[in-house]
Amino acid sequence: MDNHSSNEKPWQAVRTEAVESLLVELGVIDSARVDEIVRHYEEKVGPKGGARVVAKAWTDQEFKKRLLADGLAACAELGLGGPETEKLHVVENTASVHNAVVCTLCSCYPWPILGVPPAWYKSSAYRSRMVREPRKLLTEMGLPLDPSVEIRVWDSVSEIRYLVLPERPEGTESFTEEQLADLVTRDAMIGVAKVTV
Amino acid sequence: MNNMFETAPSAFPTPWAARSFAIVNAAAEAGLFDLKDFQRVLIASIGAKEAAGGCIGDESAYYDCWIESLSVLVRERGVTPMKLAVVEASIRERFSSRHSHHHPHDDHDAHDHEHVHGHAHSQYEHHHSHEHGVSDHAAEETPRPIYIEQAR
């Protein structure tokens, strides 16, 4: 980080402010709405939404069926959703199949269910390696999978986003839905981690 | 960021990144463009950066593409580069003449201490090609994995 005199603003900050002020001037957007969206993504939307979906699917077989058939409709039952996602396809991990999600071209991600994606999801390295050597990449990310497990990689695009339904960890038979939801991480729902107790 | 797999503590790396993210959503809500239009331009921007040997290694590289894409769409919707440059100049002017008496938005930005590159002339250069057709890449009736690494 440079510690030069800070009477210069980063060009990106200048550009952002300029675009905002021009769009406000043109009557296209309203700064209060921009504030609201920032707060929404910073405070209200995040992986906890997806974790509730997963925990419910683990405890309610009928819900799970509906989730696998139509992800968005099932998420809407829990009050999750938004105009940003048209179709959500939920892929279930099993003992023999592990699913992982990538957006090879940019950063498509189910925002209303998981919030904004982590930095690494948008990186060139993740996006290119996940479709070339997922087993190696997952191992480097802390998820060594047994060689007997098939890895399916799903390419998230604007029309269709994916959510991984991780395996329910053993020893959680007595857990409530809420306790289960607390175990489910964002990374497990992208498919780069497992849920553990 | 030292480790690209590190988990960031907040949703956005900088205040301007959060703001530019929200502006895109607000403008799409208002119907200035569709989020899919934005995505097409973002894909082109990221693709051009990577094709030129650059890489998206951290949040800031990613949001650079984001803000450049927003600039492109705004220009396509009638905000001329000249107009944008004039507003930017007045923002810089206000910022440097104020130093410590910042506008509330500036408080955060002042902490960024990033290099100010002379990007004013270059931001529109790389959006002419690489229009990856989103429809080529689009969903089929039954989704299929893009890659399968078989069990051994």
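The values are calculated or read from the model by the stated rules, or taken from the named source; none is laboratory data. Since the model is a prediction, treat every value here as computed from it, not as a measurement. Positions of Cβ are generated from backbone atoms using ideal geometry, with glycine treated the same way; all protein chains shown enter the neighbour counts. Just so you know, the surface numbers come from the protein's heavy atoms only, side chains and all, with ligands and any DNA or RNA stripped out. Shrake-Rupley method; radii C 1.70, N 1.55, O 1.52, S 1.80 Å.
Miscellaneous remarks
- Unique residue being open to solvent by less than 50 Å² (accessible area, probe 1.4 Å), modelled with pLDDT of 90 or more, closer than 28 Å to B:Ala28 by Cβ and more than 7 Å from chain A (Cβ to nearest Cβ) when the list is B:Leu84, B:Leu73: B:Leu73
- Look at the range A:128-139: where a residue is more than 16 Å from A:Ser156 (Cα to Cα) and a partner is small (Gly, Ala, Ser) and open to solvent by less than 50 Å² (accessible area, probe 1.4 Å), sitting 6+ places away or on another chain with Cβ atoms under 8 Å, you get A:Leu138/A:Ala100.
Conditions tested, residue by residue: (1) part of a helix (DSSP H, G or I); (2) farther than 26 Å from A:Val91 by Cβ.
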{"position": "A:Thr16", "(1), (2)": "yes, yes"}
{"position": "A:Leu22", "(1), (2)": "yes, yes"}
{"position": "A:Ile29", "(1), (2)": "no, yes"}
{"position": "A:Ala32", "(1), (2)": "yes, yes"}
{"position": "A:His40", "(1), (2)": "yes, yes"}
{"position": "A:Glu43", "(1), (2)": "yes, yes"}
{"position": "A:Ala57", "(1), (2)": "yes, no"}
{"position": "A:Lys65", "(1), (2)": "yes, no"}
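Quick grid of which residues meet (1) more than 15 Å from the chain's Cα centre (by Cα); (2) buried (at least 16 other Cβ atoms within 10 Å of the Cβ); (3) farther than 28 Å from B:Ser97 by Cβ; (4) within 12 Å of chain B (Cβ to nearest Cβ):
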| residue | (1), (2), (3), (4) |
| --- | --- |
| A:Lys9 | yes, yes, no, yes |
| A:Glu20 | yes, yes, no, yes |
| A:Leu23 | yes, yes, no, yes |
| A:Leu26 | yes, no, no, yes |
| A:Ala32 | yes, no, no, yes |
| A:Ile37 | yes, yes, yes, yes |
| A:Gly46 | no, yes, yes, yes |
| A:Arg52 | no, yes, yes, no |
| A:Gly79 | yes, no, yes, no |
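- Filter result for B:Ala44 (part of a helix (DSSP H, G or I), touching a Gly at 6+ places or on another chain (Cβ under 8 Å) and more than 8 Å from chain A (Cβ to nearest Cβ)): no
- Residue in the range A:93-105 that is more than 30 Å from B:Ala48 (Cβ to Cβ) and among the β-branched types (Val, Ile, Thr) present: yes
- Taken together, the residues in the range A:98-110 that are open to solvent by 10 Å² or more (accessible area, probe 1.4 Å) and either on the phi > 0 side of the Ramachandran plot or more than 9 Å from every other protein chain (Cβ to nearest Cβ) (or both) amount to 0.
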